[in-house]
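Report on the structure given below.
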Amino acid sequence: MSPNLLLAPILLPAALAVFFFLVPKRVRLVREILSVAGSLVLLYLAFALFEVKTLGLKIAWLGMGIDFDLRLFHFSSFILLGLAGFLFLISLYSTVKMKDNPRVREYYAYVFLSAALANGAVLSNNFVPLVFFWEGLLLTLYGLITIGGKEANRTAVKAFIISGFCDFAMILGIGLLWSITGTLTLSEISVKPEGLAAASFILMMIGAIGKAGAMPFHTWIPDAAIDAPVTFMAFMPAAFEKLLGIYLLARITLDLFQLEARTTMSIVLMSIGALTIVLAVLMALIQKDLKKLLSFHAVSQVGYMILGIGTGIPIGIAGGIFHMINHAMYKCGLFLSAGSVEHRAGTTELKKLGGLAREMPLTAAGFTVCALAISGVWPLNGFVSKEMVFRGALETGYKVFAVAAWVGAIFTFASFLKAGHSVFFGARSQDVPKVKESPSPLVIPILILALLCITFGVYNKLPLNEFIQPILAGHVEAGAHLDFTAHALSLLNPVAGISILCLIIALGLHLHGWNRAGKKAFLASEPIHNLPVLHNLYNLSEARFFDLYEQGVKFLIGLSTVLSRAVDRPIDYFFEKVVTAVGVKLTSLFQKAHNGQYANYLAWCLAGLLAIVGIVSLVVK
Amino acid sequence: MVFLFVAVPLVVAGVLPLLGKLSKRVLPDILSNLTFLFLLVYAATAGRQIIAGGPVSQQILWFGEPVQILLGLDGLALFMLMAIALVSLCAGIFSIDYMEHYGAKANYYALFLIMVAGMNGLVLAKDLFQVYLFLEVAAVASYALVAYGLGYEELEAAFKYLLLSVVASAFVLIGVTVLFGLTGSLGFEAVGRGLQELPAGPMAALCAALFVAGFGLKAALIPFHAWLPDAHPSAPAPISAMLSGLLIKVSGIYALTRIFFSVFGLTSLLSNLLMGLGVISAVVAALLALGQKDIKRMLAYSSISQVGYIVLGIGLGTPLGILGGLFHLFNHALAKGLLFLTSGSVQMATGTRNLDEMGGLAKRMPWTAATNLVGSLSIAGVPPLGGFWSKLVIIMALVQAGRWPYAVIAVLASVLTLWYYLLIQRKAFFGKIEERWKDIREAPFWMTAATVILALLCIGVGIFFAAVLKSWVQPAADVLAQGVTAVIPRGR
């Protein structure tokens, strides 16, 4: 197969993006057919490349080790496949959901440009093209959020700045790594994260987990859930950014740096993962809006991936990567079903919804499967990957991380019980008029994703052997038997037992809260919301107290106010009032002397001459 | 053929009044502007070749007999010739349309050419008497040109100008006489050598003082400046541009520096004296400009202030200071010429020079407003225009020489400069257009063309400042830097 084929996943969507941008808004049919067909071609291409497995394309570019270097290998071909699959589903979904958007031209252009850039980033084997593609995604991210309307602009700026900060950190890390290793080619780098390399590791890690949306770089995601189009949420934070961020994190920990279990770096990563799981899920639990609830889960689940990869234990890493693809599937499905509900009911507020299962059975079914999958219910895919993460965490010996992961599992299930119960089950709400099931382009992607969740759960050996295991090939210590699939379906082991216990606790919590709130499902989380200390923390968090971006903005505004009052205004006063006053005074003084009298002027000349002569003769002698 | 610089304009000036009988407008326009163009092209092309082997002196022959007129061309003189030719060409182009309503164009151009011939001669002069002679040639022509409008104001201003200028000529003539008495010769080099052999300290110092006062009057350094704000605004706009852009510099600064650098030698006493005069002029005149309502008066005061800058740079006497001073002289000639021309356009369109009565003219006169902005910013020293670089060089030279107070004052004065130029721009061109100016029209083609050429030059010199400095200004500065031989006894 020709190496030039590697350019196709980048150039094809880019060309389509340009076309979508240029073609007038009215030409709907052509746009929709082309987008679906184009993404299908891309999907086929990804399959073909996945079969090829290894391919390299190197074009000399700027010199100094900066080449346009693309490399296809198992991991990148796997991510390519995932990206193409989600692009297809989103394109299909968008044909209905985005058809009336006034900026639909831009929307399609940004989506396909994102796909081109993401493919480029995944294929890059040189840091410079990688950064180029990576930064390009920043622009499409911004553009896509602004499509949500006027209110979205603020969120877009927020997302841009937070992601920009993370990318900046990554670039710094890359620079450090360059100075350490002297090469920019990814496949040639493998260092131990010690000393300066540790700093580089942390910086690049910030870039990766920031892209994936881990705490504390997540705060724009819940805002975007409200402001931005729901297709964007399913596309970017749920699918693309997870795939890219975790792909890079895995590359960092597996290839670029030799992360070992039970080292400082491993513990740092695991801590970030555990904190993200617990804090984000606690925030998700109390949300009153379906999209916002989902967005906090999109953050929380990143924690599992980071925790899994951070363990440095093969089964944990495999679990983390498996969780990435699983998460992308069910979270995309969840956002799409939220979009489907929004499409018909016109709202995603839990309070106004209820009992929609009868009228929208397919959406409800898809949502239920995805929700159970994310909660880790046997035998769905989320159960498998979470089990692997728990095991990895336990194997490191730091049990606290496993406990945190389990706590996360409890609240995940509790919050999805609440969400599903509020939207699809329970009493039919009176706020929403009678609705129909959404049209098939909305339902089909949801069902495909739900089906995939079941497949990957029941036949978990298939993806684990086909996709995940080869990624780890060569990274496991020699002789270690890489069999992490045996236990997965077995319910009869202590780890799985604890997980199932967590689910039962969650069910209990939900039923308790539901009863307490007078059978109102959307209030089922109130008992936890109102816990003494937690309540205050929740209030602070709702007021964005923990949002580093908002705090940073506040700090900068405060700083600029102080600077303005204490430094700038006085200086301004000095120039505006003191200097002008003095200037005008002096001017009028001099002007009075110029009275137009010739004699006067002649006298000055003579006085000047005398003065000069005087000075000269005094000095000269 | 160095004497062509003087002879050609003189001959054309002699012929013009006669030709004016044949053709009142077209022929004088074409002939005089061709003359200016010739001077420019000749200076730019032949000038460099003539002095390729070093400074050149040329004896003028009259029917084969040498007469006592010796013209010399060196880097500095060529630089000045270029500046004169450039500005006078633009002023000449501007005059094509502007002088229509004054009448008697042939006479006007004749006077104009005589003034140019005088300035060229002064630049090429090799002895003290020639300096005086050409000074008067240029001055007499300029008296008539200031009075050219023949209104009450013009006549009064010309008279005042004449009287104070005569005082200046008297000072210079006395100085020349004393030096002739002391050394028995008039040539720069001969006088310089003679002074070094004589123990003539105090007398030489007196002459230096007379020259400072005399040429200071011509250059309008404070306190010798009072004639200028009357004379320059009263003249027709192209003549204002010539007077402010060139005449004060040629007959004031150039003559002063030429004599001081090649006859007396710049001692620290003279250096301090010049720098003191320069800095006072720069600041006081800037403040005075600030208080003006009349656009041309404001420009005239600004000329005094900028002359102060130039004298500050040249008076410092270091190679960098001289370079900066000369470069600023060139930039100021371009920019101030431009500004007087645009002010002429405004006056012609609106009939007033009072800034308070204008407003919003940019809408009706976009070219004039734009070129005026370029000139203003260049003089005020805003990058990347020419004036920025020359001021920067002067300030750098001051800092390099350790003259911190002067450097600080120079910076502050340039802030004042920006202040009053923005005042012009805002009051005249920006803002809402006044009802009464609704129907004014942009200046005619040739007037606009002249201002656009100058504006482009301001921008071009700014952008290619390094090339201009290296190929034109540096050779001129080298002449001065080499010629420093001190003759006045040093007393501290």
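The values are calculated or read from the model by the stated rules, or taken from the named source; none is laboratory data. Quantities reported herein were computed from a predicted structural model and do not represent experimental measurements. No Cβ is skipped: glycine too gets one built from the backbone with ideal geometry, and neighbour counts run over all protein chains shown.
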task = Please specify each residue of segment A:260-280 satisfying the condition of being buried (at least 19 other Cβ atoms within 10 Å of the Cβ) and of a type in the set (Gly, Ala, Ser).
result = A:Ala261, A:Ser266, A:Gly273, A:Ala274, A:Ala280
ask   = How many residues are of a type in the set (S, T, N, Q) and free of Cβ contacts under 8 Å to residues at least 24 places away in the same chain when one looks only at segment B:340-365?
value = 1
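Checking the structure you have, find out if any residue of segment B:142-162 is in contact with a helix residue (DSSP H, G or I) (Cβ under 9 Å, 6 or more places away or on another chain), part of a helix (DSSP H, G or I), under 30 Å from B:Thr267 (Cβ atoms) and more than 10 Å from chain A (Cβ to nearest Cβ).
Looking only at segment B:142-162, we keep the residues that are in contact with a helix residue (DSSP H, G or I) (Cβ under 9 Å, 6 or more places away or on another chain), and these are B:142-149, B:151, B:153-162.
Okay, now just the ones that are also part of a helix (DSSP H, G or I), so B:142-149, B:153-162.
Retained after the next criterion (residues that are under 30 Å from B:Thr267 (Cβ atoms)): none.
Checked segment B:142-162: no residue is in contact with a helix residue (DSSP H, G or I) (Cβ under 9 Å, 6 or more places away or on another chain), part of a helix (DSSP H, G or I), under 30 Å from B:Thr267 (Cβ atoms) and more than 10 Å from chain A (Cβ to nearest Cβ).
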query = Given (1) surrounded by 18 or more Cβ atoms within 10 Å (Cβ to Cβ); (2) β-branched (Val, Ile, Thr); (3) more than 19 Å from A:Cys332 (Cα to Cα), where does A:Thr54 come up short, assuming only one miss?
reply = (1)
ask   = Which members of segment A:66-109 meet the condition of being under 30 Å from A:Ile468 (Cα atoms) and of a type in the set (Phe, Trp, Tyr)?
value = A:Phe68, A:Phe73, A:Phe75, A:Phe78, A:Phe86, A:Phe88, A:Tyr93
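Taking segment B:234-260 as the search range and keeping residues that are within 14 Å of chain A (Cβ to nearest Cβ) and of a type outside the set (Phe, Trp, Tyr), which one is farthest from B:Leu182 (Cα to Cα)?
Residues of segment B:234-260 that are within 14 Å of chain A (Cβ to nearest Cβ), as a first pass: B:234, B:252, B:256, B:260.
Applying the additional criterion that residues be of a type outside the set (Phe, Trp, Tyr) yields B:234, B:252, B:256.
On the way: B:Ser234: 41, B:Gly252: 24, B:Leu256: 20 Å.
Only one residue tops the list, namely B:Ser234.
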message = Checking A:Ala611 against (1) closer than 27 Å to B:Gly214 by Cβ; (2) more than 9 Å from every other protein chain (Cβ to nearest Cβ), only one condition comes out false. Which one?
response = (2)
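Can you tell me which residues in segment A:10-23 are in a helix (DSSP H, G or I) and either closer than 13 Å to A:Leu42 by Cα or β-branched (Val, Ile, Thr) (or both)? Working first, answer last.
In the first step, residues of segment A:10-23 are kept if they are in a helix (DSSP H, G or I); the result is A:10-22.
Listed by number, the residues that qualify are A:Ile10, A:Leu11, A:Leu12, A:Pro13, A:Ala14, A:Ala15, A:Leu16, A:Val18.
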ask   = Mind checking which residues of segment B:8-26 are free of Cβ contacts under 8 Å to residues at least 60 places away in the same chain and closer than 11 Å to B:Lys105 by Cβ?
value = B:Ser23, B:Val26
request  = Any residue in segment A:587-599 that's over 15 Å from B:Pro223 (Cα atoms) and within 8 Å of another protein chain (Cβ to nearest Cβ): show its pairings with residues that are surrounded by 15 or more Cβ atoms within 10 Å (Cβ to Cβ) and among the small types (Gly, Ala, Ser) at Cβ separation under 7 Å, as long as the two are six or more apart or on different chains.
outcome  = A:Thr587/B:Gly291; A:Ser588/B:Gly291
request  = Go through (1) within 11 Å of another protein chain (Cβ to nearest Cβ); (2) in contact with a Phe, Trp or Tyr (Cβ under 9 Å, 6 or more places away or on another chain) one by one and return the number of the condition B:Ile280 breaks.
outcome  = (2)
message = Filter segment A:316-363 down to the residues that are surrounded by fewer than 24 Cβ atoms within 10 Å (Cβ to Cβ), touching a helix residue (DSSP H, G or I) at 6+ places or on another chain (Cβ under 9 Å) and not in a loop (DSSP other than H, G, I, E, B) and list them by number.
response = A:Glu342, A:His343, A:Arg344, A:Ala345, A:Glu349, A:Lys351, A:Lys352, A:Leu362
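Residue by residue through segment B:181-233, note down the ones that are of a type in the set (Gly, Ala, Ser) and facing chain A (nearest Cβ under 8 Å). Lay out the reasoning, then the answer.
Step one: of segment B:181-233, the residues of a type in the set (Gly, Ala, Ser) are B:181, B:184-185, B:187, B:190, B:192, B:194, B:200-201, B:204-205, B:208-209, B:213-214, B:216, B:219-220, B:226, B:231.
Once the filter is applied, which keeps residues that are of a type in the set (Gly, Ala, Ser) and facing chain A (nearest Cβ under 8 Å), segment B:181-233 yields B:Gly201, B:Ala205, B:Ala208, B:Ala209, B:Ala213, B:Gly216, B:Ala226.
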request  = Just give me the residues in segment B:79-137 being within 24 Å of B:Ala52 (Cβ to Cβ) and small (Gly, Ala, Ser), in sequence order.
outcome  = B:Ala83, B:Ala85, B:Gly121, B:Ala125
inquiry  = So, A:Tyr93, is that one out of contact with any Asp or Glu (no Cβ under 6 Å at 6 or more places or on another chain), under 24 Å from A:Phe456 (Cα atoms) and loosely packed, with under 15 Cβ neighbours inside 10 Å or not?
reply    = no
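Would you call B:Gly265 in contact with a helix residue (DSSP H, G or I) (Cβ under 8 Å, 6 or more places away or on another chain) and either farther than 20 Å from B:His328 by Cβ or within 11 Å of chain A (Cβ to nearest Cβ) (or both)? Don't jump to the end; show me each part of the working.
Values: in contact with a helix residue (DSSP H, G or I) (Cβ under 8 Å, 6 or more places away or on another chain): yes; either farther than 20 Å from B:His328 by Cβ or within 11 Å of chain A (Cβ to nearest Cβ) (or both): yes.
Against the criterion (in contact with a helix residue (DSSP H, G or I) (Cβ under 8 Å, 6 or more places away or on another chain) and either farther than 20 Å from B:His328 by Cβ or within 11 Å of chain A (Cβ to nearest Cβ) (or both)), B:Gly265 qualifies.
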request  = For B:Trp367, indicate whether it is surrounded by fewer than 24 Cβ atoms within 10 Å (Cβ to Cβ), of a type in the set (Phe, Trp, Tyr) and not in a loop (DSSP other than H, G, I, E, B).
outcome  = yes
task = Select, from B:Ser240, B:Ser262, the only residue that is part of a helix (DSSP H, G or I), within 24 Å of B:Phe112 (Cβ to Cβ) and among the hydroxyl-bearing types (Ser, Thr, Tyr).
result = B:Ser240
B:Leu377 buried (at least 22 other Cβ atoms within 10 Å of the Cβ), within 18 Å of B:Ile295 (Cβ to Cβ), at pLDDT 90 or above and not acidic (Asp, Glu) = yes
note = (1) surrounded by fewer than 23 Cβ atoms within 10 Å (Cβ to Cβ); (2) in a helix (DSSP H, G or I) all hold for A:Arg26 apart from (2)
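Condition test on A:Phe160, is it without any contact (Cβ under 8 Å) to a residue 24 or more places away in the chain, part of a helix (DSSP H, G or I) and within 25 Å of A:Ser300 (Cβ to Cβ)?
yes
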query = Of the residues in segment A:189-245, how many are under 21 Å from A:Phe78 (Cβ atoms) and under 10 Å from the mean Cα position of the chain (by Cα)?
reply = 15
inquiry  = I'd like to know if segment A:255-275 contains one or more residues that are closer than 24 Å to A:Ala84 by Cβ and assigned to a helix (DSSP H, G or I).
reply    = yes
ask   = Scanning for something among the small types (Gly, Ala, Ser) and touching a Phe, Trp or Tyr at 6+ places or on another chain (Cβ under 6 Å), does segment B:412-434 turn up at least one residue?
value = no
ask   = Quick check: is even one residue across segment B:49-65 of a type in the set (S, T, N, Q), in contact with a Gly (Cβ under 7 Å, 6 or more places away or on another chain) and not in a helix (DSSP H, G or I)?
value = yes
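If we scan segment A:402-424, do we find a residue that is without any contact (Cβ under 8 Å) to a residue 40 or more places away in the chain and among the aliphatic types (A, V, I, L, M)?
Here is the first cut: in segment A:402-424, the residues without any contact (Cβ under 8 Å) to a residue 40 or more places away in the chain are A:402-403.
When the remaining residues are screened for being among the aliphatic types (A, V, I, L, M), the result is A:402-403.
Within segment A:402-424 (the criterion being without any contact (Cβ under 8 Å) to a residue 40 or more places away in the chain and among the aliphatic types (A, V, I, L, M)), the answer is yes, since at least one residue qualifies.
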ask   = Listed residues B:Ile60, B:Ile96; which is at pLDDT below 85 and in contact with a Phe, Trp or Tyr (Cβ under 7 Å, 6 or more places away or on another chain)?
value = B:Ile60
message = Between a residue in segment B:468-485 that is at pLDDT 85 or above and any residue that is of a type in the set (Phe, Trp, Tyr), which pairs come within a Cβ distance under 6 Å, given they are 6 or more apart or on different chains?
response = B:Trp472/B:Phe79; B:Val473/B:Phe327; B:Ala476/B:Phe79
ask   = Quick one: A:Glu387 ticks every box in (1) out of contact with any Lys or Arg (no Cβ under 9 Å at 6 or more places or on another chain); (2) on the phi > 0 side of the Ramachandran plot bar one, so which box is it?
value = (2)
